[in-house]
């Protein structure tokens, strides 16, 4: 049996971001979990401008190469882990923009979250993102990883020095994500 494809998505596109370090840690946790064919995806690599398709995305008639590439990436995945910071109590604008580019490609997929930031660990960004996902028929996981004071956990060589509680939270999130991904498979097949 083939394992479902999981995209660990770096949701920040800001220069100087710490998202790649956090995402590398999350991606390693997904690989170690073993339930998924885990792949690391960087939203910045798609170069999505502010939504610029002339037709509604529900039609799937994309005019731009960046949209077609983004569509192919999202279509390939069975599930996601969004690695996102909190900007002004909200997710990065690049993530909201990327979500708005597509419709059907998101349907009946599950999403887990690894958020990071200051004292809140990015949980307000996660909560705001969940509202956006509902309109796309995406199932957000309750189990999540929230990395507080992320700047203090970055290592000199650029990695993340996550603690055992983060690893336990990641395992719980990935276990639940795998359950939901399997449960939603029939809906994705229709």
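The values are calculated or read from the model by the stated rules, or taken from the named source; none is laboratory data. Keep in mind that what you see is a predicted model, and the values were worked out from it rather than measured. Cβ sites come from the backbone with ideal geometry, for glycine too, and all protein chains shown count toward neighbours.
Contact map, the range 23-45: first residue crowded, with 17+ Cβ neighbours inside 10 Å, second residue at pLDDT below 95 and part of a loop (DSSP other than H, G, I, E, B), Cβ cut-off under 6 Å, separation 6 or more or different chains; pairs are 25/162. You will find that of 174, 178, 187, the residue that is over 25 Å from residue 89 (Cβ atoms), in contact with a helix residue (DSSP H, G or I) (Cβ under 6 Å, 6 or more places away or on another chain) and outside any loop (DSSP other than H, G, I, E, B) is 174 and no other. Report yes if residue 156 is out of contact with any helix residue (DSSP H, G or I) (no Cβ under 7 Å at 6 or more places or on another chain) and modelled with pLDDT of 95 or more, otherwise no. Taking the combined requirement at face value, the residue does not satisfy it. The set of residues in the range 91-116 being surrounded by fewer than 22 Cβ atoms within 10 Å (Cβ to Cβ) and under 16 Å from residue 26 (Cα atoms) is empty. Among the residues of the range 57-70, those that are touching a residue at least 12 places away in the same chain (Cβ under 8 Å), surrounded by fewer than 17 Cβ atoms within 10 Å (Cβ to Cβ) and closer than 10 Å to residue 102 by Cα comprise 58, 60. Does the range 112-131 contain at least one residue that is more than 19 Å from residue 19 (Cβ to Cβ), in contact (Cβ under 8 Å) with a residue 12 or more places away in the chain and touching a helix residue (DSSP H, G or I) at 6+ places or on another chain (Cβ under 7 Å)? Within the range 112-131, not a single residue is more than 19 Å from residue 19 (Cβ to Cβ), in contact (Cβ under 8 Å) with a residue 12 or more places away in the chain and touching a helix residue (DSSP H, G or I) at 6+ places or on another chain (Cβ under 7 Å).
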